[in-house]
Amino acid sequence: MELSFGTDGIRGRAFDELDEVVAHALGRAANRAMSGGVERAGSARWVVGRDTRESGQPLAAALTAGLRAGGADVVDLGVVPTPVVAFAAELLERAGAMVSASHNPWHDNGVKLFAAGGTKLSDAEQSAVVRCLDNLGLTHGDRPSAAEIARRLEVNPSTASAAPSGATAHVLDAYEASLREAIDKRTLDGVHLVVDGANGASASLAPALLRRLGAQVTALFCEPDGRNINDGCGSVSPGALRAAVLDVGADMGLAFDGDGDRLIGVDSDGQIIDGDRQMALFAVDLAERGLLAGNTLVVTVMSNLGLRRAMAEAGIELVETAVGDRAVLEALDAGGHRLGGEQSGHVVFRHEATTGDGVRSAVHLVDLVARGGRSVVSAAMQSAPQVLVNVPTEIGSLDAETHRAIDEVVAAAGSDARVLVRPSGTEPMIRVMVEATTERDAADLADRLVELVRSVGAD
């Protein structure tokens, strides 16, 4: 079996592509790679978290067992959002691992790894982990069976994930304190929020934390059962949140994804506040307060033309990266910038955090609107008509002939159209994005491109 890193860690079907054997080997390999290629007692220190999938506990247990088999000291945080794992890695000066498949369905799972200090792994570090996996024999079939791993976990409970320790409370207290500092210790008193926890890692933490900050909270999809994560809810499906905001007359709705590193908002009029609109709001607000380093915002190629126009009007420069919050983080660090993100809802306040953080974005967004009034959301930017289509496929990538055919279709559409066709880094799909002057033009162009992609997958 071959394992590789996508745009956001390793991901696959739980107990098929990613089982306890793989998780155990990944733990050993990650510890060895982070320890200079050797395994020895105390060779590395780790924090491990997971989301609410039913596969999370056994996979986290196997991963932790693998880390400890290589001599690592592991702190189990239990069910926490991915950004809390990254925060803990920085706070405790440890490497980090999060067992999650983010916005994927419940039957998938994955592992995200963080270097000591909470930053995502570089290409070189990812390659080192894969090499260590290969050296352990995982990709060559010379590996223990699932029964053997289960037996090891059963006879030696110390290798399994123990109940979350007191370290978890310490981390969560420090995390909440950092959010209070981020908004200069202002409160959210008098604000009514509907919070969609996606039945995921933020389902317990987010409503409670926002209430302690002073908000009135109506909780939605905050009752995980192991299989309802991201199921018709959360940042990928904000329709129910929008309806609830309008129904109860809330000031704002907040939707997280399964592992809590994304946020999609809904304003009091039911308007969706995606990552682009959040960045437009945050960038202008920071610039007006003299806090936007270099007067620059980092975005990906997926960001809407409307965001680009709004930033040009505000005199804010853009740095564009490939898709993925890791690419955004690399550009932020390379340029010393403070703010960047993705249309999907990953937003990084780099002077505060090492990765995208849905709860942090939520606190900033609610605070900004409380200070500036509800009208600031609609005034932030005017989105260009955009169509996004995910085409299920197993082909992985497009061949040169298909790229030429796509280029011909785009050229015929003229200079007013913007197109991006790319393989997903997290799912077996080709993503098609089209922007045009009208919704009809965007839809027609997207239909032609989707037909091209599907014709390749049918061959």
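Computed packing ranks the peptides 428-441, 195-208 as 195-208, 428-441, most packed first, by mean other Cβ atoms within 10 Å. The H on the amide N of Asp51, modeled in the peptide plane, is under 5 Å from the matching H of Val99, each at least 5 residues off or on a different chain. Each of Leu281, Asn295, Cys233 was placed along the dipole of the range 233-316 (beta-carbon charges, centred on the mean Cα), and the one lying farthest toward the positive end is Asn295.
Its DSSP H runs of at least 4 residues, each contributing -39,500 (n - 2.57), put the calculated 222 nm mean residue ellipticity of the chain at -12500 deg cm²/dmol, to the nearest 500.
Relative to the Cα centre, what is the charge dipole magnitude of the range 318-459, using +1 at the beta carbon of each Lys and Arg, -1 at the beta carbon of each Asp and Glu, and rounding to the nearest 20 debye? Please report the intermediate quantities before stating the final value.
Values: 13 positive and 22 negative charges, 127 e Å.
In total the dipole reaches around 620 debye.
Secondary structure note: in the chain, about 55% of the DSSP beta bridges are antiparallel.
Using packing as a proxy for protection, rank 298-306, 177-185 so that the peptide with the highest average count of other Cβ atoms within 10 Å comes first. Can you show the working numbers first?
On the way: 298-306: 22.1, 177-185: 13.8.
Sorting 298-306, 177-185 by mean packing, highest first, produces 298-306, 177-185.
Placing R0 at 41 angstrom, the Cβ-Cβ distance between Glu288 and Asp231 gives a FRET efficiency of 0.55 after rounding to 0.05.
First measure r as the distance between the Cβ atoms of Asp73 and Gln271, then evaluate 1/(1 + (r/R0)^6) with R0 = 51 Å and state the FRET efficiency to the nearest 0.05.
0.60
Sorting 100-106, 385-391 by their mean Cβ neighbour count within 10 Å, with the most densely packed peptide first, gives 100-106, 385-391.
Only Cα pairs under 8 Å and at least 6 apart count here; give the relative contact order of the chain as a rounded whole percent.
Details: 1008 pairs, mean separation 59.5, N = 459.
The value is 13 percent.
Straightening the chain between Arg309 and Ser415 buys 36.6 nm, computed as 0.36 nm per residue apart minus the Cα-Cα spacing. Computed about the Cα centre, the dipole magnitude for the chain is approximately 1080 debye when only Lys and Arg (+1) and Asp and Glu (-1) carry charge, each at its Cβ. For Leu18, the amide hydrogen comes within under 5 Å of the amide hydrogens of Arg13, counting only partners 5 or more places away or on other chains and with H modelled in the peptide plane.
The relative contact order of the range 348-434 comes to 29 percent, based on Cα pairs under 8 Å that sit 6 or more residues apart.
Using a/c under 1.5 as the rounded threshold, could you call the range 356-459 rounded, prolate or oblate? The axes a ≥ b ≥ c are square roots of the C-alpha gyration tensor eigenvalues, and prolate needs a/b larger than b/c, oblate otherwise. The shape class here is oblate. If you sort the three axes of the alpha carbon gyration tensor as a ≥ b ≥ c, you get a/c of 1.5 or more for the range 223-360 and a/b above b/c, which makes it prolate. Label positions at Ala174 and Asp444, each projected 7 Å from the Cα along the C-beta direction, are separated by 5.8 nm. The shape of the range 275-338 comes out oblate: with a ≥ b ≥ c from the C-alpha gyration tensor, a/c is at least 1.5 while a/b does not beat b/c.
No lab work stands behind these numbers, since they all come straight from the coordinates. Predicted model only: the values in this text are computed from it and were never measured. Methodologically, a virtual Cβ is constructed for each residue, glycine included, from the backbone with ideal geometry; neighbour enumeration extends over all protein chains shown.
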